[in-house]
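Chemist: What follows is a structure written as structure tokens; I'll ask about it next.
The values are calculated or read from the model by the stated rules, or taken from the named source; none is laboratory data. Bear in mind the structure is a predicted one, so any value in this text is a computation, not a measurement. Because the Cβ atoms are built from the backbone with ideal geometry, glycine has one as well, and the counts that use them run over all protein chains shown.
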Amino acid sequence: MRSRLSALFDALLPVIATLAALAVGAVMLLFLKVNPVEAYAALWDGAFGSTNAFAETLVKATPLLLVALGICISFRGDVINIGGEGQMIIGGLLATWVGLTFTNAPGWLVITSAMIAGFLGGAIWGGIPGYLKAYFNVNEILSTVMMNAIAVQIMNFMLRGPMIDPVQAQKASKIPQTARLIESFRLARLMPPTRLHFGLIIAVALAVLVYILLWRTTLGYRIRAVGLNPSASKYAGIKVQRYIVMALLLSGAFAGLAGAVQVYGVNYRMITDGSASGFTSNSGFNGIVAALFGQLHPLWSILASVLFGALLVGANQMQRVVQAPSALITALNGLVVVFVVSSEFLRRRRQRQRLAQANKENPPPADAPDRPMEAKS
């Protein structure tokens, strides 16, 4: 019973962490002389209070879920992908190029090609740090962050030069954006007149496929095995370096697809304010938190992404209703991120403690042979 209660507590840790973050946020609201109950009621109403509000929550959750799926793969392979922002940008750029180049092609063909282009673009941008990690032992956190910076500069160059909207090119202001995609190239709306689009269906379907990949295929087994113990995996005949590259490559691919979906489902063009968030709205970073909240499980990440989409959409409504400063909204989102990430470290620590206690209480027989981990064929 104690073991079951402990496991239940671990499962609820992200929820507890979110509530703790909101409690700290309530204290901050009190210091600003704002009623926390009224503020959080406005947050709920902004996220779920109407059909349009709920649709906006799902729109915001879609790129979070796609990034989170990639994070589930990379973290299971014990490589940390902080490059979702850059991978979304590269995927969005390539997908936009497809739509602006093949204007006479059928809509279904262009949309399909654009999604593939975004997927491949993100895969390349994630695979580069993966290769550096596997074969040169370059820290993937540093390399993926640096790849973000490179992607931002590529976006700024392309949107101010080769891919700039011809209309903007004639103006003195020259807003860095591409031309709009024609209407037949846009993802179908699921609930007109809301902005909810077919990208949500794509993301949910891929969540199921990623679950199958990780727990029902040899590729997924080997990625998880490398993440759990690379030395034992190598001894068992698994090519560790190959699967490190594969984990980051797939992680980047899903982030790149998120960028393509954002262009074809929401913005209908690439636009930036000079920073990554001008296009991604920080989905590359928030997707990491959604994955951790979902305990790195693709199916649980669906609910986690909806929750964080609700926080992002509802926070805007809270700001309008109670006149909370925008800095407080940023701080509230940051608190949720810090508490949820911290809860994941606590959960892993508790798992190690339980495993050590179990080994102490039930040690293996002294004459038990040492058996190396066997690779699944």
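Chemist: Go through Ala310, Ala331 for me and flag whichever is in a helix (DSSP H, G or I), assigned by TED's automatic domain parsing to the domain that holds Leu58 and of a type outside the set (Val, Ile, Thr).
Modeler: Ala310
Chemist: So which residues in segment 298-325 are crowded, with 18+ Cβ neighbours inside 10 Å and more than 18 Å from Thr57 (Cα to Cα)?
Modeler: Within segment 298-325, Pro298, Val322, Ala324 qualify.
Chemist: Here's a check for you: in segment 135-174, which residue that is small (Gly, Ala, Ser) and under 19 Å from Thr101 (Cα atoms) is farthest from the chain's Cα centre (by Cα)?
Modeler: Among those that are small (Gly, Ala, Ser) and under 19 Å from Thr101 (Cα atoms), it is Ala169.
Chemist: Follow-up. Name the pairs whose Cβ atoms lie under 7 Å apart, with the first residue in segment 227-248 and under 16 Å from Phe75 (Cα atoms), the second among the acidic types (Asp, Glu) and surrounded by 20 or more Cβ atoms within 10 Å (Cβ to Cβ), and 6 or more positions between them or separate chains?
Modeler: Within 7 Å, the pairs are Leu248/Glu140.
Chemist: Let me ask something else. Going by the conditions given, is Thr101 surrounded by fewer than 22 Cβ atoms within 10 Å (Cβ to Cβ) and assigned by TED's automatic domain parsing to the domain that holds Trp300?
Modeler: Answer is yes for this residue.
Chemist: With the condition kept exactly as written, say whether any residue in segment 260-277 is surrounded by 19 or more Cβ atoms within 10 Å (Cβ to Cβ), under 12 Å from the mean Cα position of the chain (by Cα) and assigned to a helix (DSSP H, G or I).
Modeler: Looking for residues that are surrounded by 19 or more Cβ atoms within 10 Å (Cβ to Cβ), under 12 Å from the mean Cα position of the chain (by Cα) and assigned to a helix (DSSP H, G or I), one finds none in segment 260-277, hence no.
Chemist: Taking the stated definitions as given, is Ile202 under 22 Å from Leu296 (Cβ atoms), of a type in the set (A, V, I, L, M, F, W, C) and buried (at least 17 other Cβ atoms within 10 Å of the Cβ)?
Modeler: yes
Chemist: For the structure I just gave you, tell me whether Thr218 is at pLDDT 95 or above and assigned by TED's automatic domain parsing to the domain that holds Gln177.
Modeler: In short, yes.
Chemist: Give segment 137-155 a look and list any residue that's surrounded by fewer than 17 Cβ atoms within 10 Å (Cβ to Cβ) and closer than 12 Å to Ile90 by Cα, or say none.
Modeler: Residues satisfying the conditions are Ala149, Ile150, Gln153, Ile154.
Chemist: Next question, about the same structure. Here are the criteria: (1) surrounded by fewer than 23 Cβ atoms within 10 Å (Cβ to Cβ); (2) closer than 29 Å to Ala253 by Cβ. Tell me which single one Thr51 does not satisfy.
Modeler: (2)
Chemist: Can you confirm whether segment 111-133 contains a residue that is modelled with pLDDT of 95 or more, outside any helix (DSSP H, G or I), surrounded by fewer than 21 Cβ atoms within 10 Å (Cβ to Cβ) and outside the structural domain of Ala21 (by TED's automatic domain parsing)?
Modeler: No, that holds for no residue.
Chemist: Among the residues of segment 167-180, is any in a helix (DSSP H, G or I), of a type outside the set (Ser, Thr, Tyr) and either surrounded by 14 or more Cβ atoms within 10 Å (Cβ to Cβ) or modelled with pLDDT of 95 or more (or both)?
Modeler: The answer is yes, given that some residue of segment 167-180 is in a helix (DSSP H, G or I), of a type outside the set (Ser, Thr, Tyr) and either surrounded by 14 or more Cβ atoms within 10 Å (Cβ to Cβ) or modelled with pLDDT of 95 or more (or both).
Chemist: Which condition number in (1) surrounded by fewer than 21 Cβ atoms within 10 Å (Cβ to Cβ); (2) over 22 Å from the mean Cα position of the chain (by Cα); (3) under 26 Å from Ser251 (Cα atoms) is the one that Ile212 fails?
Modeler: The one condition Ile212 does not meet is (2).
Chemist: Quick check on this structure: which one of Phe31, Phe75, Phe54, Phe119 is in contact (Cβ under 8 Å) with a residue 12 or more places away in the chain and under 29 Å from Thr330 (Cα atoms)?
Modeler: Phe75
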